[in-house]
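Supplied in structure tokens, the structure appears directly below.
Each reported figure results from applying straightforward, stated rules to the coordinates on display, with no laboratory input. Keep in mind the model is a prediction, meaning the values are calculated, not measured. Cβ: placed from backbone, ideal geometry, glycine included. Neighbour counts: every protein chain shown.
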Amino acid sequence: MILTWRAFALAGVLTVAVLVAPTAATVIVATAVLVLACVVDVALAASPRDAVLEREVVPAAVRLGGTARSVLTLRNGSPRALRGVVRDAWVPSAGAGDNRHPLALPPGEAVRLTTGLAPTRRGDRAAGAVTIRSLGPLRLAGRQASLPVRGRLRVLPEFASRKHLPSRLARLRELDGRATVQVRGEGTEFDSLREYVIGDDVRSIDWRATARRGDVVVRTWRPERDRRVVVVLDTSRTSAARVGDQPRLDAGIDAGLLLAALASHAGDRVDVLAYDRAVRARVRGASGTRLLPALAEALATVEPELVEADWPGLVGQVRSLVSQRALVVLVTTLDPAAVETGLLPVVGPLAARHQVLVASVADPELDALRADRDSSADVYDAAAAERVGLERAAVAGILRRRGADVVEAGPDELAPRVADAYLALKAAGRL
Amino acid sequence: MTLTDPFPATDTPPHRPGGSGPVRGDGTTTRTRARRRWRAMRWVVGLVLLGAFVTLLLALLRPPSSDTPYAPDAAGPDGGRAVAQILGRHGVHVTYTRSAERAASLARAGTTLAVLPGDTYGDDLSDADLDLLAGTDADLALVGPSDASLAALAPELTWGWGGGYVTTSTASCADPDARAAGTITSAGGGFLPSGPAADRVVTTCFPPDAAEARTGSYAVVDGTRRVAVLDDAVILTNAHLAEAGNAALVLRMLGRHADLVWLVPEADRGADASDGTGASALLPPGSGAVAAWLLVVAVVAIVWRGRRLGPLVAEDLPVVVRASEATRGRGRLYRAGGSRGHAAAGLRAATAARLAARLGVPAGATPEALVDAVVRATGRPAPDVHGLLYGPPPPDDAALLTLARHLDDLESEVRP
């Protein structure tokens, strides 16, 4: 049972009567009038549990930063008119705007109520209960019920680094073009033969073909295609730390998406794995236009787990995913303690079989700490930040000595830097 | 926006909260909801009922007792329940009151009116109260009277000069009550007869140590009525009743008649309370009704504002602690431990590593090689550079700050 401001106003009007004749009898009569009016109003209100509800989210999945709508269809199944308010509740991070809708519905009729959603966080955003407050004909009092209705909005990763994709694709095409002027190197593959034009590298002249044709013929080369790229996202406890205003994992997902988009344009096959002690998400075999939607869908619900990563298990997963040589990108962080006990023992064997790139999300706040010289307290913090930087650099040095490439950058910089590292490896034919 | 009915009115979709499609209600009825509420609340209700029952039981089983000193129903060390119960067992009917008017109305001839000290010493009875008491016909027993009570009710007596510490004194008079008691303990000052006619009617007894002659802790004035006065009320308390002959004297003093009015004046009675009405007399008529109605209005307002439109929706939030917290904690540890050596070593090592990278000095090079390279790049004197990069730890925080700034300067000079 609920009361409205009208019930309070009625009590205020009755106060005048009590003030005019301040006796016990007046108080009893006034209380009786108030209670009777409210009870009758409640009795005449439509039952909120007779409403038939259906919730639909349009679209069902939206990229972080986009908007969606929650459409609630409400049919009044009671024999009385339903008037009052309905609230379409969502979790706070779903960003539901004005979710309270006034109701005035004759028996048997239905209404469609739209609530705007502007989610602020990746993942599945769940809907709460639908609360119906049904008022009586006097609108003094009414009934209220909160009814569970299914609803879910899937918020896909933002992929903020997609703005870097065109420039990297242009560099990829330059790589192609460079091959036509005969940059010949290890790992590039034979494409075709054509006639010599002035400017071509004389070292690429195919003498046997020249002898056959009686004309000078050169070989052309193009970058390798159909290489395997495996992106591994570390979802263990180190990925839960907050860098900037999002968890470290979100920056890693961004880098993985950019690399996958670039590699699939370059003709390589991309597999993505999210792992801590168990597989949290896996995308394999998707290519072309299907790759990015599949990745976004799979990575949307990946959350950091507060467990220590199982690196030997991860290596086993990579082995089961690819058998030939591949580029394995480990998106993690160079936390010295975690790396020493986890990643270091396995990176050597992994680097022997595959090209390993360790992408680490750095904390830009450490740079700010490092430069701070305002007071002696700040200098202690700066010294601690320098110490951490040295330790991370030392760990990166050890990883490089064991054969892995290391890219370390802040959350906004990591994705383009990983893409550049990939392009550099491709240009050098090291895939 | 109102639509045409998408479902036939007769069709009632089943309740499927987990599935898709339309949902009707939440699968509960009035009865199941009432049962669920009762299940959730029954422990609370049970505990409240149990508490109420235990409170009631304690209230019924506990003998009536008060904390008022000298009251006949007070069982504490400073109460008077022992005397009252012994008197009651010997057939004396004790009427306890805290109001002087009531005591005066009860105190007819042939009763004993005992006046005991109130909570505040000295002015527990107003002048009007004392006039009322002085006008009664009952025999008086004043125990530990205040100056005002003594002057009004036993004008034949004044205070003596003894007392201040507890003395045991022996009966030194012919009064039968005093003879029966033999000895009493008292810390009071004793009484002296005063005025020309006093000697004939006043008997004093139990002189305190080293007091003036004819001083007595106990005095009897046999005038138109008998007034017995005792200088120290502690004598009749539960704690001290059994000492010496206290009990005999007090019981004989209070038990002369079959009816005893026991007055412990109310301590907090103001002068204006004598008109017999409380603060409610100052309010206009009907304020009780208005107050009751305002309570009803308050309940309406509480229900109106108190019920929210559905429950809050909970969600798991990501970690809110920043990754840099660990580094800041390390900085705080350096600071708390005063580890200027560690802090300076960290700053110097980081600067040295950056300078080495910029100048092309290999990572494993000796300090001298790095210093040489820096001296060539900056033109600074070699001992200066060596002191900056490999000098002793700074002695205090100011030196650490200076060192950090000098390292910054050195680095800025080696920009490639």
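Where the convex hull is taken over the Cα atoms of segment A:1-156, what is its projected area averaged over directions, in nm²?
The orientation-averaged projected area of the Cα hull of segment A:1-156 comes to 10.1 nm².
How much net charge surrounds B:A109 when only other residues with a Cβ under 12 Å from its Cβ are counted (Lys, Arg +1; Asp, Glu -1)?
Charge balance near B:A109 sits at 0.
Specify, per residue and in Å³, the volume enclosed by the convex hull of the alpha carbon atoms belonging to segment B:109-267.
Cα convex hull per residue, to the nearest whole number: 108 Å³.
With angles folded into 0 to 90 degrees, how steeply does helix B:367-378 sit against the dominant principal axis of chain B? Use alpha carbons for both and round to 10.
80 degrees
For the protein assembly as shown, what is Rg from Cα atoms divided by 2.2 N^0.38 Å, rounded to two decimals?
Its radius of gyration relative to the 2.2 N^0.38 Å reference: 1.71.
Taking the Cβ of B:R307 as the centre, find all other residues whose Cβ is under 12 Å away and add up their charges (Lys, Arg: +1; Asp, Glu: -1).
+4
Just to be sure I understand the model, the point goes 7 Å from the Cα along the line to the Cβ. What's the resulting A:V20 to A:T120 distance in nm?
Output for this residue pair reads 5.3 nm.
Output the Cα-based Rg and Dmax of chain A in Å, rounding Rg to one decimal and Dmax to a whole number.
32.7, 126
On to the next question. Could you list, bin by bin from short to long, the percent of Cα-Cα pairs of segment A:228-427 in 5 Å steps?
The percentages, shortest bin first, are 1, 8, 16, 20, 22, 15, 8, 5, 3, 1, 1, 0.
Once the Cβ-Cβ distance between B:A298 and B:A239 is put in as r, and R0 is 41 Å, what FRET efficiency do you end up with, to the nearest 0.05?
0.25
Relative contact order (percent) for segment B:333-413, with alpha-carbon contacts under 8 angstrom and 6 or more residues of separation?
Answer for segment B:333-413 is 37 percent.
Among the helices of chain A (complete DSSP H runs), which have Cα atoms covering no less than 18 Å along the helix axis and a Kyte-Doolittle mean of at least 1.6?
Helices meeting the span and hydropathy rule in chain A are A:5-20, A:24-44.
Kindly give Rg over Rh for chain B, based on alpha-carbon atoms, with the Kirkwood expression for the hydrodynamic radius.
On the Cα set of chain B, Rg over Rh gives 1.43.
What percentage of all Cα-Cα pairs in segment A:224-306 are separated by more than 22 Å?
Pairs farther apart than 22 Å: 24 percent.
Apply the a/c threshold of 1.5 to the C-alpha gyration tensor of segment B:143-213 and tell me whether it is rounded, prolate or oblate.
Oblate, because a/c is 1.5 or more while a/b does not exceed b/c.
Helix B:340-359 against the longest principal axis of chain B: what's the angle in degrees, Cα atoms only, rounded to the nearest 10?
Once rounded, the angle reads 20 degrees.
I would also like to ask the following. With an 8 Å cut-off on Cα pairs and a minimum separation of 6 or more residues, tell me the relative contact order of segment A:1-156 in percent.
It rounds to 29 percent for segment A:1-156.
7 Å from Cα along Cα→Cβ at both A:A170 and B:R376: what's the point-to-point distance in nm?
Distance between the two pseudo-spin positions: 4.1 nm.
Oh, and also: With label points built 7 Å along Cα→Cβ from the Cα atoms of B:L60 and B:R42, find their separation and express it in nm.
2.6 nm
Would you mind estimating how fast segment A:355-431 diffuses translationally, via Stokes-Einstein at 25 °C and 0.890 mPa s with the Kirkwood radius over Cα pairs, in µm²/s?
Result for D is 176 µm²/s.
Give me the orientation-averaged projected area of the Cα convex hull of segment B:307-416, in nm², one decimal.
Answer in nm², one decimal: 12.3.
Another question about this same structure. Add +1 for every Lys or Arg and -1 for every Asp or Glu among the other residues with Cβ under 10 Å from the Cβ of B:D397, and state the total.
Around B:D397, the charge tally is +1.
Next question, about the same structure. Given segment B:212-257 reduced to its alpha-carbon atoms as identical point scatterers, what log10 I(q)/I(0) does the Debye formula return at q = 0.33 Å⁻¹?
Each listed q maps to, in turn, -1.24.
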